[in-house]
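Worksheet: one structure, shown below.
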Amino acid sequence: MLKFTRNPNSFIFRHRRLLFSLFLIIIIPLIVCLIWWLTEPDAAPARQVKTTFMQDVTGLDSAVSRLQTDIRARRPAAIQASFRDARLAYKRVEFISAYYSPETTRALNGPNIPEVDDDLRVNEPQSFQVLEEMVFPEVATDAYPDMLHAANVIRANVNRLRRISESNELTDSHIFDAMRLEVFRIVSMGITGFDSPVAFHSLPEVAAALESMQRQFRHYTKTNDGPAAQLHSAFDAALAYIRKSPDFDAFDRLEFIRHYANPLSSSVIDAQKALGIPVFTEKRLLSTSARTLTDSGAFDANYFINFEEQSMTSERIALGKMLFFNPILSNNSGRTCATCHQPDKAFTDGEPKSFALGFNGMRISRNAPTLLNASFQAAQFADSRVTFLEDQASDVIRNPQEMHGSLPDAVAALRNEPESRKLFEEAYSDGVTESNLKNAIASYIRSLSSLDTRLDRHFRGDETLLTAEEKSGFNLFMGKAKCATCHFFPLFNGTVPPAYQETESEVLGTPATAEGKSVDPDVGKFVLTKREPHRYAFKTPTVRHVALTAPYMHNGVFKTLEEVVDFYDQGGGNGLGFNLENQTLPFDKLNLTVSEKKALVAFMKIL
């Protein structure tokens with residue numbers, strides 16, 4: 001029999017304590033990690049998504065590096081090709097980048113206009129769109145130094161994205177939420193040309209975004225059956241439709257949303273639930289469980305409130321309606337909220353500018369906007385001077401030209417009315433107060449949400465409701481006419497998708513008169529901020545119910561929708577020759593035909 005004996009000179013014997021320590025320090029943790037990996041299968045896909053995403057960020061960096069090289073070599077054709085490649089590389093990272101690193105993503109993909117931040121600092125744009133305008137439709141051969149600077153800034157932001165992303169911990173719920181929001185971003189911005197306004201490379205970029213999401217989803221599926229197979233099928237169908245329709249102007253957006261994008265976003269939710277991945281329940285303007293952007297109830301009219309206790313109730317809505325039509329708010333001068341916001345005119349008054357209190361020919365400085373769907377905006381008034389509808393109510397009540405009232409006087413008078421006092425006590429535990437008065441009026445206005453037009457019902461399944469001309473008008477609105485790059489689908493206002501957290505203002509160069517000889521002297525948001533990008537800037541309003549809200553623009557200068565379309569077709573104020581350096585509306589002509597203009601108007605009238 002063989003007998004083993006200890007050899008005190010052997011390496012193992014001499015270093016047994018060290019080896020045992022290494023075993024404890026290295027081997028056991030590796031075993032624990034392996035066990036954790038095997039027993040936590042849901043964690044692995046998120047890590048794989050993170051790995052793939054970081055590889056795609058490296059791919060984006062390489063693509064921008066090639067773009068820099070081509071700019072240095074001054075090769076126009078190569079510059080255009082490498083720019084397109086870099087944009088495709090960006091789209092592959094967009095759905096995760098925009099979700100986890102929104103500020104860096106905005107720097108990479110924001111519009112080519114200066115931005116005034118909350119501290120009133122003017123931040124110059126630094127995105128792909130800055131470079132795009134120098135590269136398309138033809139390379140500006142006299143701007144190579146500017147091109148290189150723009151490309152250098154883009155690459156610096158890509159590296160910033162890499163550094164931020166390295167420490168981000170992805171979770172399954174966030175990944176699926178990001179995927180659903182990317183489909184909504186494609187619907188509301190991607191297919192409209194929002195972020196490819198000059199190169200018109202939007203449809204290939206949409207395909208790149210879809211391919212990236214499908215590739216990442218494969219980390220979650222070992223078998224192609226059930227909801228997983230449905231989601232893959234939805235990706236394949238959407239990609240096939242995009243690829244067979246390369247013409248930007250001719251692309252049928254109505255068909256794509258109804259039969260491809262909406263089934264795709266719905267399938268994302270279904271696959272998430274089938275995998276047992278929780279769907280968020282947090283409060284957002286756009287519901288975290290909305291299957292499509294056109295679902296009934298997809299948007300929460302209670303979202304833009306200051307405190308949760310200010311949410312609408314049936315009692316508050318009824319009280320607010322009573323106050324809305326009550327002259328007590330104007331010290332019984334006969335003026336009510338409904339004087340300028342009449343229900344039969346979509347809560348406008350049909351005047352270019354509303355008559356001031358006391359009339360005498362005097363008018364308020366701006367056109368009365370519709371209150372329908374006002375709850376879906378992150379700012380109120382044409383100059384965005386307040387955030388909440390409560391503040392809008394108090395501003396109007398106090399305004400000498402509008403209500404010329406007093407909140408303390410109104411509260412005192414309402415406390416002396418038994419019926420009014422009873423309504424307040426039913427709606428609020430503390431009865432008649434200034435805060436409750438404002439909230440009641442705001443609650444009534446929030447109740448005036450209306451997202452159930454023939455267009456909405458078409459997307460929900462009834463395909464017999466739109467005429468051929470209306471369908472054509474929708475596609476023009478969302479494409480060639482560029483309307484939807486400011487009036488975002490499906491709210492058709494300036495609240496920016498898919499997060500729906502901010503409402504934009506634009507500089508259009510609205511003329512003072514219909515003759516279009518000079519810009520209107522109202523400087524809009526500039527009065528508040530004193531920042532040049534805001535000179536002549538006004539909040540982008542909704543165009544829902546626009547058939548009832550004439551005349552149009554902040555000064556009521558246009559009597560008909562046809563006049564409005566002509567103004568945009570000419571390129572806004574700069575198309576009329578106003579030479580506004582800060583105009584945000586593209587000033588190049590849209591070249592719409594007579595029939596296209598007619599279709600656009602027909603579509604807007606169904607909203």
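The values are calculated or read from the model by the stated rules, or taken from the named source; none is laboratory data. Everything numeric in this text was worked out from a predicted model, so none of it was measured. Positions of Cβ are backbone-derived with ideal geometry, glycine not excepted, and every protein chain shown enters the neighbour counts.
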message: I'd like the residue in segment 587-600 that is in contact with a Gly (Cβ under 7 Å, 6 or more places away or on another chain) and not acidic (Asp, Glu) and, out of all such residues, is farthest from Ile113 (Cα to Cα).
response: Ala599
message: Going residue by residue through segment 219-242, is there one that turns out to be buried (at least 20 other Cβ atoms within 10 Å of the Cβ) and part of a loop (DSSP other than H, G, I, E, B)?
response: no
Filter result for Val93 (over 27 Å from Pro490 (Cβ atoms), part of a helix (DSSP H, G or I) and either in contact with a Cys (Cβ under 8 Å, 6 or more places away or on another chain) or outside the structural domain of Thr529 (by TED's automatic domain parsing) (or both)): no
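Residue-by-condition table, conditions (1) within 19 Å of Met147 (Cα to Cα); (2) hydrophobic (A, V, I, L, M, F, W, C); (3) in contact (Cβ under 8 Å) with a residue 24 or more places away in the chain; (4) not in a helix (DSSP H, G or I):
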{"residue": "Lys50", "(1), (2), (3), (4)": "no, no, yes, no"}
{"residue": "Met54", "(1), (2), (3), (4)": "no, yes, yes, no"}
{"residue": "Leu60", "(1), (2), (3), (4)": "yes, yes, yes, no"}
{"residue": "Ser65", "(1), (2), (3), (4)": "yes, no, yes, no"}
{"residue": "Thr69", "(1), (2), (3), (4)": "yes, no, no, no"}
{"residue": "Arg72", "(1), (2), (3), (4)": "yes, no, yes, no"}
{"residue": "Gln80", "(1), (2), (3), (4)": "yes, no, yes, no"}
{"residue": "Arg84", "(1), (2), (3), (4)": "yes, no, yes, no"}
{"residue": "Arg87", "(1), (2), (3), (4)": "yes, no, yes, no"}
query: Could you say whether any residue in segment 518-529 is surrounded by fewer than 22 Cβ atoms within 10 Å (Cβ to Cβ) and among the basic types (Lys, Arg)?
result: no
query: What residue, among those in segment 361-407 that are among the β-branched types (Val, Ile, Thr) and touching an Asp or Glu at 6+ places or on another chain (Cβ under 8 Å), is nearest to Ser333 (Cα to Cα)?
result: Val396
Output for segment 373-401, where each listed residue is crowded, with 18+ Cβ neighbours inside 10 Å and over 32 Å from the mean Cα position of the chain (by Cα): none
Failed item in (1) outside any loop (DSSP other than H, G, I, E, B); (2) under 23 Å from the mean Cα position of the chain (by Cα), with Thr584 passing the rest: (1)
- request: Only residues in segment 322-348 that are within 25 Å of Glu417 (Cα to Cα) and not assigned by TED's automatic domain parsing to the domain that holds Ala393 count as the first member; pair them with residues that are surrounded by 15 or more Cβ atoms within 10 Å (Cβ to Cβ) and of a type outside the set (Lys, Arg), Cβ under 9 angstrom, at least 6 apart or cross-chain, and list the lot.
  value: none
query: With (1) within 32 Å of the chain's Cα centre (by Cα); (2) surrounded by 19 or more Cβ atoms within 10 Å (Cβ to Cβ); (3) assigned to a helix (DSSP H, G or I) as the list, and Ser435 as the residue in question, which single condition is left unmet?
result: (2)
task: Mind telling me which of the residues Asp430, Asp456, Asp452 ends up being assigned to a loop (DSSP other than H, G, I, E, B), of a type in the set (Asp, Glu) and under 26 Å from the mean Cα position of the chain (by Cα)?
output: Asp452
query: Is there a residue in segment 408-428 that is out of contact with any Asp or Glu (no Cβ under 6 Å at 6 or more places or on another chain) and at positive phi?
result: no
